[in-house]
Amino acid sequence: MSASPIAFLGTGIMGSRMATRLIDAGYTLRVWNRTAEKAAPLGRRGAIVAENAAAACRGADLAILMLSEASSVSAVLFDDGAAEALPTGSVVLDMGSNSPATARTHASRLAAMGLNHLDAPVSGGPGGAEQGTLAIMAGGAQEDFDRLQPVFACLGRSTLVGPTGCGQLAKLCNQTIVGLTIGAVAEALLLAQAGGADPAKVREAMAGGYADSLILKVHGQRMLDRVFTPGGPSRLQLKDLHNILAAASAAGLELPLASHVTALYESLVANGGAELDHSALMIEIERRSAQSRDDRATSRA
């Protein structure tokens, strides 16, 4: 990579922490966020705050996008002029989560403009973004992946998993495990409590066994504390689950567990939990249990 500034588009919960890692590593960043005040703290750390996405990208040979919706990525790249502002041969590094089909569509449109593309979504949450320990799942050309190794090294551990779209596919696999495991942890802790055990002690007892996981440690603690500040908002987990089921359908697969967890998250979001952390799935399971108890009491009356 040359010494030109990196364009960083999307400075929310994850993006702001990732951008800070790059600034601290000595990179010059031009940052932009649709809600401008979210980019302002990075300006105080030395980044150049651009007035729009195209201005951030002008002259940059790398544009990193950390946007939450596929429609936002399309709008920023092609409607707001970001892609057009990039010099020929630049790399668009999409590190947000969307669908494999969207990644392939974007890569094709960018290639027609003389631009390269990697889809490289991440896992590890705000803590991993802050500490530089993200799991980075990349899809695209080996040459572009190799070219970005110094940048990836600031952010976490990167793996090229296949051609364009496969980074997004790997993230969907990741989110399948995350979503289902959050549900399993919530059910286990609720079962422990309902049966008379101390759920915190049950969680402690499982540490180091086959049921142990980061989900049990991190999200299990959130459930015990009943602190559901995101983190990862439930609406984004639901978006990922919808993409998971779409990818499975396109591949001719039926994913019954993912389908059931998707229905639970749909209900959680519909009942006001869209902006709660995805560990708040526990609330939806509690709600259903309470409804079942009420229904049984009514039937006996």
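No lab work stands behind these numbers, since they all come straight from the coordinates. Since the model is a prediction, treat every value here as computed from it, not as a measurement. Positions of Cβ are backbone-derived with ideal geometry, glycine not excepted, and every protein chain shown enters the neighbour counts.
Apply the a/c threshold of 1.5 to the C-alpha gyration tensor of the range 117-157 and tell me whether it is rounded, prolate or oblate.
In terms of gyration-tensor shape, oblate.
Mind checking the dipole of the chain: about its Cα centre, +1 per Lys or Arg Cβ, -1 per Asp or Glu Cβ, Debye to the nearest 20?
So the dipole magnitude of the chain works out to roughly 400 debye.
What is the extension gain from Gln142 to Ile13, computed as 0.36 nm multiplied by their sequence separation minus the C-alpha to C-alpha distance, in nm to one decimal?
43.5 nm
According to a simple spin-label model (label point 7 Å from Cα along Cα-to-Cβ), what is the distance in nm between Ser292 and Met113?
The modelled label-to-label distance comes out at 5.1 nm.
What is the gain in length, in nm to one decimal, between Ala40 and Thr159 on full extension, counting 0.36 nm per residue of separation less the C-alpha to C-alpha distance?
39.7 nm
Suppose R0 equals 35 Å. What FRET efficiency, 1/(1 + (r/R0)^6) with r the Cβ-Cβ distance, do Ile177 and Ser299 give to the nearest 0.05?
With a Förster radius of 35 Å, E is 0.40.
May I ask for the angle, rounded to the nearest 10°, between helix 234-250 and the longest principal axis of the chain, with both axes built from Cα atoms and the value confined to 0 to 90°?
Here the helix axis deviates by roughly 80 degrees.
Restricting the count to DSSP beta bridges whose residues both fall in the chain, what percent are antiparallel, rounded to a multiple of 5?
That works out to approximately 15 percent antiparallel.
For the range 1-66, what does the alpha-carbon gyration tensor say about shape, rounded, prolate or oblate, given a ≥ b ≥ c as the root eigenvalues, a/c under 1.5 as rounded, and a/b over b/c as prolate?
Note, shape of the range 1-66 comes out oblate.
With a/c under 1.5 counting as rounded, go ahead and sort the range 126-235 into rounded, prolate or oblate using the C-alpha gyration tensor (a ≥ b ≥ c being the square roots of the eigenvalues; past the cut-off, prolate if a/b is larger than b/c, else oblate).
Prolate, since a/c reaches 1.5 and a/b exceeds b/c.
How large is the Rg to Rh ratio of the chain when both quantities use alpha carbon positions and Rh follows Kirkwood?
Ratio value, two decimals: 1.02.
Could the peptides 51-60, 17-26 be put in order, highest first, of the mean number of other beta-carbon atoms found within 10 Å of their residues?
Descending packing order for the listed peptides: 51-60, 17-26.
How much length is gained if the chain between Glu275 and Leu191 is pulled fully straight, taking 0.36 nm per residue apart and subtracting their Cα-Cα distance, in nm to one decimal?
27.7 nm
Order of 164-176, 127-139 by packing, highest average Cβ count within 10 Å first?
Going from most to least packed, we get 164-176, 127-139.
Can you spot the lysines whose alpha carbon is less than 23 Å from Lys171's alpha carbon? Ignore those fewer than 8 places along the same chain.
Counting by Cα, and skipping residues close in sequence, Lys171 has these lysines nearby: Lys217, Lys239.
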